[in-house]
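*Asks:* Got a structure here, written out as structure tokens. Questions coming.
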Amino acid sequence: ADGTVEIPVVFNVLYRTSTENISDARLAEQIAVLNKDFGATNSDVNKIPTEFSSIKAGDTKVRFHLIKTVRKATTKTSWSTNDAMKKSSTGGIDATSPASYFNIWVVGSMGGVLGYATFPESAGTAVDGVVIAAPYFGKTGATSPFNLGRTGTHEVGHYLNLRHIWGDATCGNDFVADTPTQTGSNGGSPTYPLYNTCGGVQRSVMFMNYMDYVYDSAMYMFSAGQRDRMQAVVAAGGARAGLRNL
């Protein structure tokens, strides 16, 4: 009634050890993190600087609901970003109706990669969805400093059409007007205010945005422009409108 789109989620868990076989409780925990972050009810939302409070997203009107969990044992010790985990023919798990369900694969390890996602251009294809390495999934038992479930928030942002805030280039374009142009990505836990200069203009950096590369504890906001971009992709006629149909 309030315009919220509830996205049906399928978790595909590939595990070699009991530790990699993520528990149902931890799966639910990740869903809870997503719903708080996308609803702006996260406990650290009050850390948003006054400078950015006028353009914070507030409630994005996107929520997530776990529909099904698929589990499969594997002997693989490591996965890459070549989508092998998404195909039974290469030892993975085939996506469940990706035009209608949001598939998330959880794998044991991808080396130093925390996760990756497909953009809406891949909507409905057999490899559409998000992959997260088990050490950075959810909160309980996850590896610090990426142990607050924000790898999931970041990758779901990509799935819903958000680019990295620095536009993957020096002073690049993330296609969102209200996110300040950045010289590049930020890592660690920066101290606000942080400034950089693009095109001769000095700006304060929105490093606390979920689409930067900072530690989980240092990211806690989407902008209003990012909210609008995500809402557009799940709206009727949007590339991911199929997620609305269940």
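*Asks:* Return the total of residues in the stretch 191-219 being over 22 Å from VAL33 (Cα atoms) and in contact with a helix residue (DSSP H, G or I) (Cβ under 7 Å, 6 or more places away or on another chain).
*Replies:* 1
*Asks:* Here is a further query. May I ask you to list pairs of residues, at least six apart or on different chains, whose Cβ atoms are under 7 Å apart, with the first in the stretch 56-73 being without any contact (Cβ under 8 Å) to a residue 60 or more places away in the chain and closer than 28 Å to GLN226 by Cβ and the second being of a type in the set (S, T, N, Q) and part of a loop (DSSP other than H, G, I, E, B)?
*Replies:* Correct list of pairs: ARG63/THR4.
*Asks:* Could I ask something else about it? So which of ILE55, ILE22, ILE67, ILE104 is touching a strand residue (DSSP E or B) at 6+ places or on another chain (Cβ under 9 Å) and over 23 Å from LEU148 (Cα atoms)?
*Replies:* Testing whether each residue is touching a strand residue (DSSP E or B) at 6+ places or on another chain (Cβ under 9 Å) and over 23 Å from LEU148 (Cα atoms) leaves just ILE55.
*Asks:* Condition first: buried (at least 16 other Cβ atoms within 10 Å of the Cβ) and without any contact (Cβ under 8 Å) to a residue 12 or more places away in the chain. Now tell me which residues in the stretch 85-121 satisfy that.
*Replies:* Residues satisfying the conditions do not exist here.
*Asks:* Continuing with this model, one more query. Considering the stretch 122-162 alone, what residues qualify as being free of Cβ contacts under 8 Å to residues at least 24 places away in the same chain, among the hydroxyl-bearing types (Ser, Thr, Tyr) and either crowded, with 20+ Cβ neighbours inside 10 Å or more than 20 Å from ASN82 (Cα to Cα) (or both)?
*Replies:* Listed by number, the residues that qualify are TYR136, THR143, SER144.
*Asks:* Find the residue count for the stretch 13-49, including only residues that are surrounded by fewer than 17 Cβ atoms within 10 Å (Cβ to Cβ), within 16 Å of the chain's Cα centre (by Cα) and either under 30 Å from THR191 (Cβ atoms) or among the aromatic types (Phe, Trp, Tyr) (or both).
*Replies:* Counting residues in the stretch 13-49 that are surrounded by fewer than 17 Cβ atoms within 10 Å (Cβ to Cβ), within 16 Å of the chain's Cα centre (by Cα) and either under 30 Å from THR191 (Cβ atoms) or among the aromatic types (Phe, Trp, Tyr) (or both) gives 3.
*Asks:* Let me ask something else about it. Find the residue count for the stretch 72-98, including only residues that are touching a Lys or Arg at 6+ places or on another chain (Cβ under 9 Å) and among the small types (Gly, Ala, Ser).
*Replies:* Here the count works out to 6.
*Asks:* Open to solvent by less than 30 Å² (accessible area, probe 1.4 Å), among the aromatic types (Phe, Trp, Tyr), farther than 16 Å from ILE104 by Cα and touching a residue at least 12 places away in the same chain (Cβ under 8 Å), is that true of PHE52?
*Replies:* Yes.
*Asks:* Please count how many residues of the stretch 184-206 are within 17 Å of the chain's Cα centre (by Cα) and either without any contact (Cβ under 8 Å) to a residue 24 or more places away in the chain or surrounded by fewer than 18 Cβ atoms within 10 Å (Cβ to Cβ) (or both).
*Replies:* The total comes to 2.
The values are calculated or read from the model by the stated rules, or taken from the named source; none is laboratory data. All values reported here derive from a predicted model rather than from experimental measurement. With ideal geometry, Cβ positions are generated from the backbone for all residues, glycine too; neighbour counts draw on all protein chains shown. What goes into the accessible areas is simple: the full protein's heavy atoms, side chains included, and nothing from ligands, DNA or RNA. Shrake-Rupley method; radii C 1.70, N 1.55, O 1.52, S 1.80 Å.
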